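See structure below.
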Amino acid sequence: MARKDDGLLKGLQAQRRYEGAFNWSDKRVKEHRGVRTLLEAMAAEGDTRFCNPRPSAVDPPDCVVDGPNGGFVGIEVTELVDEEVVRANEQAQEREDREIRLWRMGDVWARVAEIVKAKDSKPFSGAPYSMRLLLIQCDEPHITSPDFDVQQIGVMPVCTTSQIDEAYLLLSYHPDPGRGGGRYPYVRLPVSKEGAPQ
């Protein structure tokens, strides 16, 4: 569901485009910056298992990082965005004509599950990987607003995978003076790789 002239829209007036925080014209730069941002956010929370992000020579995966014990970790990068709203806003002549998608939690769960399934079906090429990760970037205005309980995304039904070991949802920059500045919130998504020890 999309709605015009919502209160959330006021915060978008200065933005050039919908889903702008992760928008880069160069796809490889966009993917690399997303992975680097996720790793920095994870490190700030004490998870330093991954380092040295770089574009992959083959696709998929989009990026490669060094993982635990020095193994290569392949990372696929994508986004959670309402493409219909993006197209509508690109056609909007006036700011007041812009729309935002109002997401229900069940719709977010369903879309995330679709993304995980689609990305899990792609074989990772190149070097053998000790782990395979999925990064979903999101700058949807409603999902990133204070009114949306993002942590509930992390309790969605488990997605069973054949090759993806871990999946993350990375949100756009969030000012957080109480924690000494801003941060990029992220949520680890519940995936269970077939045959992996529980």
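The values are calculated or read from the model by the stated rules, or taken from the named source; none is laboratory data. Keep in mind that what you see is a predicted model, and the values were worked out from it rather than measured. Cβ atoms come from the backbone with ideal geometry, glycine included; neighbour counts cover every protein chain shown.
Here are some notes:
- So Glu99, is it among the acidic types (Asp, Glu), under 17 Å from the mean Cα position of the chain (by Cα) and surrounded by 12 or more Cβ atoms within 10 Å (Cβ to Cβ): no
- Per this entry, Trp103 is counted among residues that are aromatic (Phe, Trp, Tyr) and either part of a loop (DSSP other than H, G, I, E, B) or in contact with a strand residue (DSSP E or B) (Cβ under 8 Å, 6 or more places away or on another chain) (or both).
- Some residue of segment 84-99 being on the phi < 0 side of the Ramachandran plot, in a strand (DSSP E or B) and out of contact with any helix residue (DSSP H, G or I) (no Cβ under 8 Å at 6 or more places or on another chain): no
- Conditions (1) closer than 22 Å to Gly34 by Cα; (2) outside any loop (DSSP other than H, G, I, E, B): number failed by Ser145: (2)
- Selected residue [part of a strand (DSSP E or B) and small (Gly, Ala, Ser)] from Ala167, Ala118, Ala127, Ala110: Ala167
- Here Pro190 clears all of (1) at pLDDT 95 or above; (2) touching a Gly at 6+ places or on another chain (Cβ under 9 Å); (3) closer than 14 Å to Leu38 by Cα except the condition numbered (3).
- Residue match in segment 40-52 (condition: assigned to a helix (DSSP H, G or I), modelled with pLDDT of 90 or more and in contact with a Ser or Thr (Cβ under 8 Å, 6 or more places away or on another chain)): yes
- Flag for Arg132 being of a type in the set (Lys, Arg), in contact (Cβ under 8 Å) with a residue 12 or more places away in the chain and in contact with a Phe, Trp or Tyr (Cβ under 8 Å, 6 or more places away or on another chain): yes
- Selection status of Ala110, out of contact with any Gly (no Cβ under 8 Å at 6 or more places or on another chain), surrounded by fewer than 17 Cβ atoms within 10 Å (Cβ to Cβ), at pLDDT 95 or above and within 18 Å of Val81 (Cβ to Cβ): yes
- All positions within segment 133-155 that are surrounded by fewer than 22 Cβ atoms within 10 Å (Cβ to Cβ) and either of a type outside the set (A, V, I, L, M, F, W, C) or at pLDDT 95 or above (or both): Asp139, His142, Thr144, Ser145, Pro146, Asp147, Asp149, Gln151, Gln152, Gly154
- Residues that are hydrophobic (A, V, I, L, M, F, W, C) and either touching a His at 6+ places or on another chain (Cβ under 7 Å) or under 30 Å from Ser130 (Cβ atoms) (or both) do not occur anywhere in segment 82-94.
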